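Each reported figure results from applying straightforward, stated rules to the coordinates on display, with no laboratory input. These numbers come from a predicted model, not from an experiment. Cβ sites come from the backbone with ideal geometry, for glycine too, and all protein chains shown count toward neighbours.
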Amino acid sequence: MRFLSIAMVLVLGSVLGAQAPATAQDNAAPKGDVANGKKIFASYGCYQCHGYEGQGGVGARLAPKPLSYQAFAKYLRHPTKEMPPYTEKVVKDQEVADIYAYLLSIPAPPAANSIPLLAN
């Protein structure tokens, strides 16, 4: 399971990072639990490539402003790159909704000019 998680994150990040962020209309996602999504994001190893707050790294940036739920779930289930598919047997639909709710909850970082050390 952990191997699949790492591979999922690598490929999901590379493909999703190039797509446009979701709009309010696109985010017609099932109701998800933010706290559970955060827990799943960590326990499935998503953080290993996407960072603990979806900020990216080896994998693509997932937050803030994630893709639409439909695009996120579709790629998770049917990846087009190296990531193995995460079927319903591996990640339940409610878990996908919870992870997505967590990604939606992540705020944008502060503007660089609002940080005193960087404002000069």
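If the condition is being buried (at least 23 other Cβ atoms within 10 Å of the Cβ) and aromatic (Phe, Trp, Tyr), then region 40-61 contributes only Phe41. Selection of region 69-112 for residues being assigned to a loop (DSSP other than H, G, I, E, B), surrounded by fewer than 20 Cβ atoms within 10 Å (Cβ to Cβ) and among the hydroxyl-bearing types (Ser, Thr, Tyr) yields Thr80, Thr87. Checked against the criteria, Ala28 does not count as small (Gly, Ala, Ser), part of a loop (DSSP other than H, G, I, E, B) and in contact with a Gly (Cβ under 7 Å, 6 or more places away or on another chain). Checked against (1) surrounded by fewer than 18 Cβ atoms within 10 Å (Cβ to Cβ); (2) part of a helix (DSSP H, G or I); (3) under 12 Å from the mean Cα position of the chain (by Cα); (4) of a type outside the set (Val, Ile, Thr), Pro64 passes all but condition (2). Taking Ile115, is it among the β-branched types (Val, Ile, Thr) and either crowded, with 21+ Cβ neighbours inside 10 Å or within 16 Å of the chain's Cα centre (by Cα) (or both)? Taking the combined requirement at face value, the residue does not satisfy it.
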